[in-house]
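Note sheet for the following structure.
Laboratory data are not the source of any read-out in this text; all were calculated from the coordinates shown. Treat the numbers as computed from the prediction; the structure is a model and nothing was measured. When we count neighbours, we look across all protein chains shown, and the Cβ atoms used for this are built from the backbone with ideal geometry, even at glycine.
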């Protein structure tokens with residue numbers, strides 16, 4: 001009867017608390033991603049873990065490896081992992097007994113004038129005691145707390161992977177921008193040399209009375225415009241070099257003293273093959289930001305279960321074993337032995353709704369984690385679709401700009417022939433040369449955009465497009 005009453009009391013107490021209903025994540029993804037270019041029949045998915053190596057530029061690989069070793073954001077993410085690992089150790093420790101040993105030595109003197117005078121007012125007491133305490137995890141409260149801490153650790157590891165993926169992409173983007181600026185400066189310098197020669201020629205022809213002053217002043221104006229453009233390109237290049245050095249984690253002195261290493265010229269940098277068709281869309285699930293959101297959601301759910309377990313009674317076991325004696329010489333003798341064992345069962349009867357409030361708070365945080373996961377999934381899906389479109393269009397734009405530059409090169413050549421034969425004025429030549437210069441600049445930018453779009457696609461897919469079973473992400477088994 002007593003056992004039945006206790007069980008009924010526990011059930012009635014737990015029934016007074018309304019338990020929340022947790023929603024579960026249910027991602028809705030298409031079966032496959034659209035392809036940038038059709039894949040040949042029977043082609044398998046490519047494994048591109050360190051995707052930047054597939055640009056075949058050792059300088060780019062060296063710079064990204066340097067950033068992965070010294071970047072401040074990545075080092076900060078690693079420190080947060082260690083913090084989460086220590087928190088997991090604390091939670092795991094709660095699931096094991098606590099054992100302690102204590103020793104004491106006391107010397108006291110009692111009054112000789114009291115109601116009960118002692119034969120010997122001065123007494124010694126020596127004690128050695130081994131104590132153990134253990135709370136039985138009846139309702140998985142501590143196991144769920146450990147699960148939540150383990151999810152936090154995995155989330156911090158995936159957070160580092162988020163930083164790593166973003167950092168590699170940022171370094172690659174900055175490197176491509178520097179290569180494009182180098183190419184633009186080289187083009188501008190070559191064009192400047194031609195303009196200076198043209199100015200010198202027109203000065204001689206004007207002095208000889210062969211041509212009027214107009215072509216000379218027009219050529220000088222074009223030369224000044226190119227010199228201004230060159231100054232702007234140099235400013236952009238220096239700023240981009242400083243930004244890249246900052247990503248690499250270099251010291252302030254190195255930012256000023258160490259130039260950024262150059263690799264292949266932009267024209268020799270080629271993007272890896274386009275993404276093949278028919279890749280499963282669940283590749284998206286291996287993005288580190290999505291895996292991070294999943295672990296945060298798992299941790300929030302585990303905390304709800306841990307708080308829920310606090311509704312039920314807790315069972316504690318204690319034991320001690322030791323010796324106690326008034327004389328040090330008898331401390332380890334048989335009669336000096338002391339021991340004790342105990343068990344305690346505690347059930348909260350009333351705490352002013354504290355447990356229910358904590359449970360509602362954990363449920364609200366779980367809902368926030370679920371909404372964050374769903375939002376992360378939607379954003380990731382958009383980024384992949386945008387990257388696929390940008391990659392496809394960048395390839396098409398690059399091909400079109402190349403054709404345009406080739407056509408304008410021929411047009412400038414024909415305009416020069418017409419001017420030399422007296423068929424047209426020099427303004428037509430300048431227009432053709434100006435259009436050609438701008439087309440070459442556009443072609444350089446289109447090539448940079450194609451490389452950048454490929455790097456962005458790698459980032460959007462979480463780093464390449466290998467099957468999820470082959471990925472090397474943090475081990476969720478702890």
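Using the Cβ-Cβ distance between residue 418 and residue 228 with R0 set to 22 Å, the FRET efficiency from 1/(1 + (r/R0)^6) comes to roughly 0.15. For the chain, take the longest principal axis of its alpha carbons; what is the angle in degrees between that and the long axis of helix 141-207, to the nearest 10 within 0 to 90? For 141-207 against the chain, the angle is about 20 degrees.
Here the extension length gained between residue 379 and residue 236 equals 48.4 nm, from 0.36 nm per residue of separation less the Cα-Cα distance.
Length gained on full extension, residue 61 to residue 93, computed as 0.36 nm times the residue gap minus the Cα-Cα distance: 7.3 nm. Taking every Cα-Cα distance in segment 389-442 and sorting them into 5 Å bins from zero, the calculated P(r) comes out as 4, 22, 22, 16, 13, 9, 6, 4, 3, 1 percent.
Note on mean projected area of the Cα convex hull in nm²: of the candidates (1) 26.9; (2) 43.2; (3) 23.6, the value calculated from this structure sits at (2). Nearest 10 degrees is fine. How inclined is helix 426-460 to the longest principal axis of the chain, computing both from alpha carbons? For helix 426-460, the angle is close to 20 degrees. Ordering 386-398, 222-234, 436-448 by mean Cβ neighbour count within 10 Å, with the highest value first, yields 436-448, 386-398, 222-234. Pairs of Cα atoms nearer than 8 Å and 6+ residues apart set the relative contact order; for segment 92-243 it is 19 percent. Our summary gives the chain a relative contact order of 28 percent, counting only alpha carbon pairs under 8 angstrom and 6 or more residues apart. Each residue of segment 336-396 gets 181 Å³ once the volume of the Cα convex hull is shared out per residue. Above 24 Å lies some portion of the pair distances; for segment 151-246, what is it as a whole percent of all C-alpha pairs? Every Cα pair in segment 151-246 considered, those over 24 Å come to 51 percent. Reported to the nearest whole Å, the Cα centre-to-centre distance from segment 420-448 to segment 118-167 is 74.
With each label modelled as a point 7 angstrom along the Cα→C-beta vector, the residue 347-residue 434 pair spans 9.2 nm. Once the Cα atoms of helix 213-247 and of the chain are each reduced to a long axis, what angle between those two axes, in degrees from 0 to 90 to the nearest 10, is obtained? It works out to around 20 degrees.
Direction-averaged projected area, Cα convex hull, segment 256-402: 24.3 nm², rounded to one decimal. Each part reduced to its alpha carbon centroid, segment 397-411 and segment 183-231 end up 24 Å apart.
Sorted into 10 angstrom bins from 0, the C-alpha pair distances of segment 45-192 split as 9, 18, 16, 14, 12, 10, 7, 5, 4, 2, 1, 0 percent.
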